[in-house]
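Down below is the structure, laid out as C-alpha cells.
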Amino acid sequence: MAEIVLDHVTKRFPDGALAVKDVNLTIADGEFVILVGPSGCGKSTTLNMIAGLEDISDGQLRIGGEVANDKTPRDRDIGMVFQNYALYPHMTVRENMAFSLKLAKENPEKIKERVDWAADILDLTPHLDRKPSQLSGGQRQRVAMGRVIVRTPNAFLMDEPLSTSTPSCACRCAPRCRGCRSGSARRPSTSPTIRWRR
Amino acid sequence: MRSTPRQKLGWGVANVVVLVIAAVPVLWLVSLSFKDPSTLTDGSFYPKKWTFENYRGIFDQSIFTHALVNSIGIAIIATVFGVVFGAMAAYAIARLDFGGKQLLIASALLIAMFPPIALVNPMFNLWRQIGLFDTWPGLIIPYMTFSLPLAIYTLSAFFREIPWDLERAAALDGATPLQAFRRVIVPLAAPGVFTTAILVFLYCWSDFVFAISLTSTNNARTVPAAIAFFTGASQFQQPTGSIAAAAVIITIPVAVVVLLFQRRIVAGLTAGAVKG
C-alpha cells in the first residue's frame, strides 16, 4: 500500500519563515496528482517533506498507513526527479540508474535486467554508456526518471519535470510518466506527483 | 580573435624572456652539479669536464640518504593527514551551518598569515621540553598546522562547487551520508584533492625554517636542512658541486609531480568548470 497522507503538515524554517501552513492532502494509491501554484508558495518544500529531505515542523505524514515523519529518505522508498536532474556526472547513464540498486546490494544480473527495462521504456538504450555531460537536456531528464523507475518505489515525486525540456520533449515525456505507471507491473502502487509552474 | 603575425611575435618574445628567466638558474644548477670540482668557478654555462662524482659523493654520505628518507616520509605523512583532516573540515564548512563557523574560518586565515619564523624560538624550547625535538612528529605537526588553512580553503572551494542536489539524490537512492560522501562527493572532488595534496606536499618538501630549527641529527633532518651541513673536500673548499647535485635531486620529484598532474592542477585551479 502506498497511500500518502499529509495531516495538518506545517513547515517553519529556523529563521521563522512559514513555508507550508496546515496542509491536508490524501493521495490514494495509484493516483496521479499535480500541485499547481505560483512561485514561492511551498510546492517544493512540500515535496521535500514527503521525500524526507526537509523536517516536518508540525503535523503528520503517513505513507502506507505508517507515520513517516522521522523516517530517513531511504526508508520511505520514494523516488524523486529533481528540477535540475542531479545526475551523477562522473557515472555513465547505466551506472546512474543502477546506483540505488547497487546500494541495496541487488545481484548484478537483476540490476542489468532492470536498467535495460527502464532504458527501453525511456528510449535511452543507445545512450547507456555515455556520461551525463554528453546528453541533451531531454535525455538527461529521462535518465533522472530512469533512475527512479528502476527501483519501482512506492511513490514518484517529480519537481517541475518538464519546465526545462523543449516542448516536443514535454509532449513525449508526459505520456511516458503514465507509461511508467502501467509498465511497473510488479508494484502497481505508484503514484506520480508532478509539480508544474504556472 | 585572430592574432596578427606581429602580435604572435610579441607573445613569442615575451614567452622566451619568461622561459629564460625561469629556466636559466635551474639549468645553471644542473650544469654545476655535473662539473668537475676543479672547473666549478670557470664561469661557463656548459660543463667543460663532465663528472658524476658530485652525485656519487652525496649518496655516499649517510647525511644525504638519511635526509632523503626523512624528507619523503615526513612530507607524505604530513600530506596525508593534512588532506584528510582538511577535507573533513572543508566539507563541514561548505555544507553545514554551525555556531562558530566564521570564527573557525577566521582563525584558519590568521594561522596561515602568521610568520613561521616568529614561532621558531618558542617552538624550539617547547619541543625540547616535551621530547618532540629532532623527531618526525616534531616536524609533521608544524607542517600540518601551516598547511591546513591552505588545504581547507582550497578544498572548501571545491566542495562548494559540487551541487547540493547530488547528495540529496544519493540520499533518496538509499545512501547513508558516508556512502554519499565516498561514492559521489569524493570522486567529484578528486581534482581538488589532488591539487591540495600537491600544494601541501610541496610546502612540506621545501620547508627550511622548521627543518633547520627543530632537528639536530639524522633522525629527522630533511634535505633542505641537510644541504646546509654539507662539507667540502677540505676546510677551504666550498661543497658547491655537492650542494648543486643535492638541489637537483630534491627538485626532481617536484618537476615529476607537476608534469604528471599539470592537467589536474589547472583543473583544480579553475574549479568553476564543475557543473552538476
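The values are calculated or read from the model by the stated rules, or taken from the named source; none is laboratory data. Remember, predicted model here, so these are calculated numbers, not experimental data. Quick reminder, even Gly has a Cβ in these numbers, built from the backbone with ideal geometry, and neighbours come from all protein chains shown.
Okay, residues lined up against (1) on the phi > 0 side of the Ramachandran plot; (2) modelled with pLDDT of 90 or more; (3) touching a Phe, Trp or Tyr at 6+ places or on another chain (Cβ under 7 Å):
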residue	(1), (2), (3)
A:ALA28	no, no, no
A:PRO38	no, no, no
A:GLY64	yes, no, no
A:ASP70	no, no, no
A:GLY79	no, no, yes
A:ARG94	no, yes, no
A:MET97	no, yes, no
A:LEU124	no, no, no
A:PRO132	no, no, no
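Does the stretch A:94-104 include one or more residues that are in contact (Cβ under 8 Å) with a residue 12 or more places away in the chain, touching a Gly at 6+ places or on another chain (Cβ under 7 Å) and surrounded by 14 or more Cβ atoms within 10 Å (Cβ to Cβ)? Yes, because at least one residue in the stretch A:94-104 is in contact (Cβ under 8 Å) with a residue 12 or more places away in the chain, touching a Gly at 6+ places or on another chain (Cβ under 7 Å) and surrounded by 14 or more Cβ atoms within 10 Å (Cβ to Cβ). B:ILE152 passes every criterion in (1) of a type outside the set (Ser, Thr, Tyr); (2) within 25 Å of B:LEU202 (Cα to Cα); (3) more than 19 Å from the chain's Cα centre (by Cα) apart from (3). Report, by residue number, each residue of the stretch A:23-42 that is of a type outside the set (Ser, Thr, Tyr), in a loop (DSSP other than H, G, I, E, B) and over 15 Å from the mean Cα position of the chain (by Cα). Answer for the stretch A:23-42, where residues must be of a type outside the set (Ser, Thr, Tyr), in a loop (DSSP other than H, G, I, E, B) and over 15 Å from the mean Cα position of the chain (by Cα): A:ALA28, A:ASP29, A:PRO38, A:GLY40, A:CYS41, A:GLY42.
Selection within the stretch B:168-186: residues that are farther than 15 Å from A:ALA86 by Cβ and of a type outside the set (Phe, Trp, Tyr). The member of this set that is surrounded by the fewest Cβ atoms within 10 Å (Cβ to Cβ) is B:LEU178. Residues that are farther than 18 Å from A:MET158 by Cβ and either free of Cβ contacts under 8 Å to residues at least 24 places away in the same chain or hydroxyl-bearing (Ser, Thr, Tyr) (or both) within the stretch A:1-32 comprise A:THR10, A:PHE13, A:PRO14, A:ASP15, A:GLY16, A:ALA17, A:LEU18, A:LYS21, A:ASN24, A:THR26, listed in sequence order. In the stretch A:105-117, the qualifying residues are those that are of a type outside the set (D, E, K, R) and away from chain B (no Cβ under 14 Å), and the one that is surrounded by the most Cβ atoms within 10 Å (Cβ to Cβ) is A:TRP117. Within the set B:ARG160, B:ARG168, the sole residue that is more than 9 Å from every other protein chain (Cβ to nearest Cβ) and either more than 13 Å from A:HIS90 (Cβ to Cβ) or of a type in the set (Lys, Arg) (or both) turns out to be B:ARG160.
As for the stretch A:68-77, it holds at least one residue that is within 14 Å of chain B (Cβ to nearest Cβ), without any contact (Cβ under 8 Å) to a residue 60 or more places away in the chain and of a type in the set (Asp, Glu).
So, in the stretch A:132-160, how many residues would count as being under 22 Å from B:ALA171 (Cβ atoms) and in contact with a Pro (Cβ under 9 Å, 6 or more places away or on another chain)? Result for the stretch A:132-160: 10.
The set of residues from the stretch A:97-109 being under 21 Å from A:ASP75 (Cα atoms) and assigned to a helix (DSSP H, G or I) comprises A:MET97, A:ALA98, A:PHE99, A:SER100, A:LEU101, A:LYS102, A:LEU103. Residues that are within 11 Å of B:ALA246 (Cα to Cα), without any contact (Cβ under 8 Å) to a residue 40 or more places away in the chain and not β-branched (Val, Ile, Thr) within the stretch B:22-65 comprise B:ARG56, B:PHE59, listed in sequence order. When residues in the stretch B:121-140 are screened for being touching a Ser or Thr at 6+ places or on another chain (Cβ under 8 Å) and surrounded by 17 or more Cβ atoms within 10 Å (Cβ to Cβ), 5 of them pass. Among the residues of the stretch B:85-104, is there at least one that is closer than 16 Å to B:MET144 by Cβ and of a type outside the set (A, V, I, L, M)? Checking the stretch B:85-104: at least one residue is closer than 16 Å to B:MET144 by Cβ and of a type outside the set (A, V, I, L, M).
If only residues of the stretch A:43-67 that are assigned to a loop (DSSP other than H, G, I, E, B) and within 14 Å of chain B (Cβ to nearest Cβ) are counted, the one that is surrounded by the most Cβ atoms within 10 Å (Cβ to Cβ) is A:GLY52. Residues in the stretch B:245-276 that are modelled with pLDDT of 65 or more and either charged (D, E, K, R) or not in a helix (DSSP H, G or I) (or both): B:ARG263, B:ARG264. Taking the stretch A:1-22 as the range and being over 15 Å from A:ILE63 (Cα atoms) and part of a strand (DSSP E or B) as the test, the residues that pass are A:THR10, A:LYS11, A:ARG12, A:LEU18, A:ALA19, A:VAL20, A:LYS21, A:ASP22.
Residues of the stretch B:1-16 that are among the β-branched types (Val, Ile, Thr) and at pLDDT 90 or above: B:VAL13, B:VAL16.
One residue alone among A:LEU87, A:LEU157, A:LEU101, A:LEU135 is within 12 Å of the chain's Cα centre (by Cα), within 14 Å of chain B (Cβ to nearest Cβ) and among the aliphatic types (A, V, I, L, M), and that residue is A:LEU157. On the stretch given as the stretch B:69-94, residues that are aliphatic (A, V, I, L, M), more than 25 Å from B:ILE250 (Cα to Cα) and either without any contact (Cβ under 8 Å) to a residue 12 or more places away in the chain or surrounded by 20 or more Cβ atoms within 10 Å (Cβ to Cβ) (or both) total 6.
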